[in-house]
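Structure, as structure tokens:
The values are calculated or read from the model by the stated rules, or taken from the named source; none is laboratory data. Not measured: the values here are computed from a predicted model. Ideal geometry is used to build each Cβ from the backbone, glycine not excepted, and the neighbour counts take in all protein chains shown. Keep in mind that these areas ignore ligands, DNA and RNA; they rest on the heavy atoms of the full protein, side chains included. Shrake-Rupley method; radii C 1.70, N 1.55, O 1.52, S 1.80 Å.
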Amino acid sequence: DTEVTQTPKHLVMGMTNKKSLKCEQHMGHRAMYWYKQKAKKPPELMFVYSYEKLSINESVPSRFSPECPNSSLLNLHLHALQPEDSALYLCASSQALDTQYFGPGTRLTVL
Amino acid sequence: GENVEQHPSTLSVQEGDSAVIKCTYSDSASNYFPWYKQELGKGPQLIIDIRSNVGEKKDQRIAVTLNKTAKHFSLHITETQPEDSAVYFCAAWTASGTYKYIFGTGTRLKVLA
């Protein structure tokens, strides 16, 4: 089973709202990732957690705040977003650091 | 910096024909090359991958070839079907402590019935 699940599937929020995206995997993978994908573009890496510790932050604005409560869960907390943050947010996981499995994504719209 | 060029950006084929997508990478230390298929509104799905110690890998109608000397790798889909229509991304990864895939820019494949 190579399933990564993400909730919610769609999210609409105003610029003053606070919301969270959730990601879960039960494959025992040690690394989890957040990506942002704009239309017709490849995914862009935002954060990497390895063994539940943040190991990479690709200079993402502080209005995006990741959290890894345990080895199976990854959250992305959103606050004071801008309309240009509207995108598909993808979670991925991997056992080693190469083969990544992606979730279905959360389609975020910021009004 | 490192990059991966992917061609073509769009590809239309008749059902039953073959499709080939090519990627060229710049980092000679890259040693893992996955291919992802992304359907509209969904996340990327890993369809095949290859490591640098292998020249070719096949899985039913899908195959990937790697030429390390030329630093390019290709995805081959035979007997294409309408459900193969999607965007395909290649990527390159280096086992040098980085967790980062360098993705290609994507190819939109349309299989015409």
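Look at the dipole of the protein assembly as shown built from charges on Cβ: of B:P82, A:F47, B:Q6, the Cα furthest out on the positive end belongs to A:F47. I need the Debye-formula profile for chain A: one equal scatterer per C-alpha, no solvent, reported as log10 I(q)/I(0) at q = 0.21 1/Å, two decimals. Taken in order of the listed q values, log10 I(q)/I(0) reads -1.13.
Taking only protein heavy atoms and a 1.4 Å probe, the accessible area of the protein assembly as shown is 49% carbon and sulfur. Evaluated at q = 0.16, 0.24 Å⁻¹, the base-10 log of the normalised Debye intensity for chain B, with identical point scatterers placed on the Cα atoms, takes the values -0.68, -1.41. Chain B and chain A together bury an accessible surface of about 1600 square angstrom, both sides counted, with a 1.4 Å probe and no ligands or nucleic acids included.
By the Stokes-Einstein formula, at 1.002 mPa s and 20 °C, segment B:35-89 with its Kirkwood radius over alpha-carbon pairs has D equal to 177 µm²/s. Taken over the C-alpha atoms, segment A:46-96 has Rg and Dmax values of 11.6, 35 angstrom.
Other protein chain C-beta atoms within 10 Å of residue C-beta, averaged over B:43-49: 6. Interface residues of segment B:71-111, defined as those losing at least 10 Å² of solvent-accessible heavy-atom surface relative to the isolated chain (probe radius 1.4 Å), are listed as B:F89, B:W93, B:Y99, B:K100, B:Y101, B:F103, B:T105, B:R108. Its Kirkwood hydrodynamic radius, worked out from the mean inverse distance over all distinct Cα pairs, puts the protein assembly as shown at 18.1 Å. Its Cα gyration tensor gives segment A:17-78 an equivalent ellipsoid; the semi-axes, largest first and in whole Å, are 19, 14, 12. When Rg and Dmax are taken over the Cα atoms of segment B:71-112, they come to 13.5, 42 Å. Residues whose amide H lies under 5 Å from that of A:R30, counting only those 5 or more places away or on a different chain, are A:S94, A:Q95; hydrogens are built 1.01 Å from N in the peptide plane. Using only side-chain charges placed at the Cβ, +1 for Lys and Arg and -1 for Asp and Glu, the dipole size of the protein assembly as shown relative to its Cα centre rounds to 420 debye. Among the residues of A:27-40, the average count of other protein chain beta-carbon atoms within 10 Å of the residue beta-carbon is 1. Inter-chain neighbour count for A:47-58: the average number of beta-carbon atoms from partner chains within 10 Å of each residue's beta-carbon is 1. Taken about its Cα centre, chain B carries a charge dipole of about 240 debye when Lys and Arg each add +1 at the Cβ and Asp and Glu each add -1 at the Cβ. By the Cβ distance rule (another cysteine Cβ under 4.7 Å), the unpaired cysteines of chain A are A:C68. Of the trypsin sites (Lys or Arg not before Pro) found in segment A:1-103, those in coil by DSSP whose Cβ has at most 15 other Cβ atoms within 10 Å are A:K9, A:R30, A:K38, A:K40, A:R63.
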